[in-house]
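Report on the following structure.
Only the coordinates and a few stated rules stand behind these numbers; no lab work does. Because the structure is a prediction, the values reported are computed rather than measured. No Cβ is skipped: glycine too gets one built from the backbone with ideal geometry, and neighbour counts run over all protein chains shown.
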Amino acid sequence: MNKYQYLIAPFLGWVVAQSIKFAVSLHKDGIHWGDTIQSGGMPSSHSACMVALTTVIGVHQGFTSALFALSAGITGIILYDAMGVRRSAGQLTEAVKELSKKTSTKLSTELVNSKGHDPVEVFAGFLVGIVVGVLTTVTFK
């Protein structure tokens, strides 16, 4: 199983983060199965997935390896994107929908809200990713 850690860790990071999101939404408003794959929310599954992978790479390849540097760089871009571009796009979508409603303007396309994350949600996903990455390396030696 050691050779599969690079696949197991990011998958488990995503599953754990999505499970936490589902539990939080279940507590708030009951069962909605769509919540199992929702974007946005606490914690960031993008963060958890990529940080888990980067952690496993760091442990096995070394924290000074080129592969770790590449993974850390891509992870940083994804975390930045989750807090910046995706969050801004989601806010813009909400504003356009609200403006459309207030002006009784029919939109020619249905706008799907792309939720991003605030820094706390990304940081929580970061922590989930580290824990999952470390536990994966310890469990699948």
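Among 94-105, 64-75, how do they line up from the highest to the lowest mean number of other beta-carbon atoms within 10 Å? Numbers along the way, then the final one.
Values: 94-105: 10.5, 64-75: 14.5.
For the peptides 94-105, 64-75, the packing ranking is 64-75, 94-105.
At 0.36 nm per residue, minus the direct Cα-Cα distance, what do S100 and L7 gain on full extension? Give it in nm, one decimal, please. Intermediate results must be reported in sequence, preceding the final value.
Working: separation 93, 0.36 × 93 = 33.48 nm, distance 4.34 nm.
Using 0.36 nm per residue and subtracting the Cα-Cα distance, I get 29.1 nm.
What are the ³J(HN,Hα) couplings of segment 124-136, residue after residue, when phi is run through the Karplus curve with 6.51, -1.76, 1.60 and θ = phi - 60°? Round to Hz, x for glycine and proline.
In residue order, the calculated couplings are 4, x, 4, 5, 4, x, 5, 4, 5, x, 5, 5, 5 Hz.
How do 77-84, 4-11, 47-54 rank on mean C-beta neighbours within 10 Å, highest first?
Numbers: 77-84: 16.5, 4-11: 18.5, 47-54: 28.4.
For the peptides 77-84, 4-11, 47-54, the packing ranking is 47-54, 4-11, 77-84.
Given +1 on the Cβ of Lys and Arg, -1 on the Cβ of Asp and Glu, and no further charges, what dipole in debye does segment 48-133 carry about its Cα centre, rounded to the nearest 20?
On the way: 7 positive and 6 negative charges, 64 e Å.
Rounded to the nearest 20 debye, it is 300 debye.
Two decimals, Cα atoms only, Kirkwood Rh: what is Rg/Rh over segment 48-133?
Working: Rg = 17.9 Å, Rh = 14.8 Å.
That ratio equals 1.21.
So what J values fall out for segment 9-15 if you push phi through Karplus, 6.51 cos²θ - 1.76 cosθ + 1.60 with θ = phi - 60°, rounded to Hz, Gly and Pro as x?
For segment 9-15, the Karplus curve yields 4, x, 5, 5, x, 5, 4 Hz.
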